[in-house]
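Undergrad: My questions all concern the structure below.
Only the coordinates and a few stated rules stand behind these numbers; no lab work does. Predicted model, so just to flag it, every value in this text is computed and none were measured. As a convention, Cβ positions derive from the backbone with ideal geometry for all residues, glycine included, and neighbour counts pool all protein chains shown.
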Amino acid sequence: MAQVAVSRSIQGSLLCPSSGSARDRSQNLLKPPSFASTVLPSHGKSSKRSQLAPRSFQISARKSAPSEVIPVSPEDDPKIEQHLQHLRGVQPLGENSAGMWSKPTFRRKTKIVCTIGPSTNTKEMIWKLAEAGMNVARLNMSHGDHASHQKVIDLVKEYNAQSKDNVIAIMLDTKGPEVRSGDLPQPIILNPGQEFTFTIQRGVGTADCVSVNYDDFVNDVEVGDMLLVDGGMMSMVVKSKTEDSVKCEVVDGGELKSRRHLNVRGKSATLPSITEKDWDDIKFGVDNKVDFYAVSFVKDAEVVHELKNYLKRSGVDIHVIVKIESADSIPNLHSIITASDGAMVARGDLGAELPIEEVPLLQEEIINLCRSMGKAVIVATNMLESMIVHPTPTRAEVSDIAIAVREGSDGIMLSGETAHGKFPLKAVKVMHTVALRTEATIPGGQMPPNIGPVFKNHMSEMFAYHATMMSNTLGTSTVVFTRTGFMAILLSHYRPSGTVFAFTDEKRVQQRLALYQGVCPVYMEFCDDSEATFKRALDLLLKQGMVKEGEEVALVQSGRQPIWRFQSTHNIQVRKV
């Protein structure tokens, strides 16, 4: 194998752009100013957007080949693969190539999170979801019991044990302090102008009154508040209240079913973010060694610190994803994400508690903030909502997926579509093909952004930056060996144009890396001889068709935990397969 060593002196020849604070940068990128940016005002001098945009690194002077439009449907996946094959090797003309095709990548980079429920909780369906493109299996603790979730966890672990070239991570999503209506003997049709009452008395379920599962509900609402039912499917205005009931007038009617979610526009419930039920579910996750917690209705960083301290005392390494879905979380956005390992843009409740027109702006801002801080980010809710009952998506839903991919989300999530929908496999296939098609249009070879001060005190950040520069310039994939996942995650957030092949001898790390954009985690036992390990890794990639003979790859040796190197020694290599 040919080998080119690149020493630490590379720092002098390729300088990182100045970063500024993550908070300032995320807000300057958001045009026009959003609701969040007014709550989180920037400090210091403003910068022009052009100064913040990543510079393009020109690779080729060839224009891209003309491309035909490919309809997106589950059946069109082979056509897209053939089209990408045709376009292989094509590069855009730097910044002047808007709308042109970049060098295609056959492996989808944006990860797919699937909620497992009655439609998909069998061995056959979990296997098929994994084959269709699922990367993370989500357990929604708002539904089902521990026995049903245990069955899913066991099936995912069985799949991971049997699969040679794929792995599925497990995410436990806590219920959180949800306010829901009580049980009804049968659905009620509510008409505009009609009076309807919510009461904190238990067991009430009549045509004009239903109980609420939250004793402080009466204290949290005021006359004139807008009450949204089932994420805004119905709305009511509060007219009066007593010690135990709230009388409303229906504004937008509909069919009220049992246990519907209730929100008050512009307000969050005063319940704690982690309830007693949530702690039971978290302990269940510790016992089963899940990979991620998605914590609902996080309002401040203290909640994250409390959970992380508990996990540390329990001796487990489970990453915490905060769900941004309440009005109270927006003023504390920066500190919440700083304390966490990533964030989920939970657009359902976010759009119920805040003006709905703010949701796309907040989505972009949260993605930018997570990207600047080196945190994972997932876009969730309503991505393919129509496919719960229909076999094809709306064109708006397709555009929604494409926007999340282009904005740089690590993951995109399916909820009811795979939990209880009629077409779970088709929904995953649509999400896969749309993400793959969109990624093929994103220009490659760009200079990576400086992701900010969070890693500034570690040499790894500089090496991740320059490894990305090198792989983008040469058009190569990146190979990294890791026992903690740190370097692979750091490389992911620089978004190299090629795949990041992350080799690890820790199964838990392999599963966790399944969430991160552009990372292909591979489990392999390491040996004491670094050269022998490198050769085995490249032979494995060649055997599985992930690289081709004669292809070059960038190999990075850096990170928090040295492997086959001294603590003070870091290097980047280019090797030919």
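Undergrad: Relative to the Cα centre, what is the charge dipole magnitude of region 348-442, using +1 at the beta carbon of each Lys and Arg, -1 at the beta carbon of each Asp and Glu, and rounding to the nearest 20 debye?
TA: Here the size comes out at about 560 debye.
Undergrad: Let me ask something additional. Taking just the alpha carbons, could you work out the radius of gyration and Dmax for region 188-264, both in angstroms?
TA: 10.9, 27
Undergrad: Figure the gain on full extension for L474 and R313 (residue separation times 0.36 nm, minus the Cα-Cα span) and round it to one decimal in nm. Don't skip to the answer; put the middle values down first.
TA: Values: separation 161, 0.36 × 161 = 57.96 nm, distance 4.54 nm.
Taking L474 through R313 to full extension adds about 53.4 nm, to one decimal.
Undergrad: Where does each of 350-362, 538-550, 296-308 land if you order them by average Cβ count within 10 Å, highest first?
TA: Ranked by mean Cβ neighbours within 10 Å, highest first: 296-308, 350-362, 538-550.
Undergrad: Along the charge dipole of region 459-576, Cβ charges K/R +1 and D/E -1, which of M469, I489, C527 sits furthest on the positive end?
TA: The residue sitting farthest along the positive end of the dipole is I489.
Undergrad: Go ahead and run the numbers for FRET between A207 and K543, Cβ-Cβ distance against an R0 of 60 Å, rounding to 0.05.
TA: Efficiency, rounded to the nearest 0.05: 0.35.
Undergrad: Can you work out the FRET efficiency for the pair D529 and I189, with r the C-beta to C-beta distance and R0 = 60 Å, to the nearest 0.05?
TA: 0.25
Undergrad: Here's something else I'd like to know. Which distance in nm do the two modelled labels at R406 and K576 give, with both placed 7 Å along the Cα-to-Cβ direction?
TA: According to this spin-label approximation, the distance is 3.9 nm.
Undergrad: Another question, then. Run the simple label-point estimate for H305 and E255 please: 7 Å along Cα→C-beta, distance reported in nm.
TA: About 4.8 nm, to one decimal.
Undergrad: Considering the zone a paramagnetic label at D328 would reach in this model (a point 7 Å from Cα along the Cα-to-Cβ line), which residues of region 257-285 have amide N under 15 Å from it?
TA: It comes to 263-276, nothing else.
Undergrad: Averaged over every viewing direction, what's the projected area of the C-alpha convex hull for region 459-576? Give it in nm², one decimal, please.
TA: Mean shadow area of the hull around the Cα atoms is 6.4 nm².
Undergrad: Another question, then. Residue farthest toward the positive end of the dipole of region 188-264, with Cβ of Lys/Arg at +1 and Asp/Glu at -1: which of L262, I188, M234?
TA: I188
Undergrad: Sticking with this one: Take each of the peptides 490-501, 464-475, average the number of other beta-carbon atoms within 10 Å over its residues, and list them starting from the highest.
TA: The peptides rank, most packed first, as 490-501, 464-475.
Undergrad: Can I ask one more? Placing +1 at every Lys and Arg Cβ and -1 at every Asp and Glu Cβ, with all other atoms neutral, what dipole size does region 188-264 have around its Cα centre, in debye to the nearest 20?
TA: Charge dipole of region 188-264: 240 debye, to the nearest 20.
Undergrad: Size of the dipole of region 488-550 about the Cα centre, Lys and Arg at +1 and Asp and Glu at -1 on the beta carbon, nothing else charged, in debye to 20?
TA: Details: 8 positive and 8 negative charges, 79 e Å.
The dipole magnitude comes to about 380 debye.
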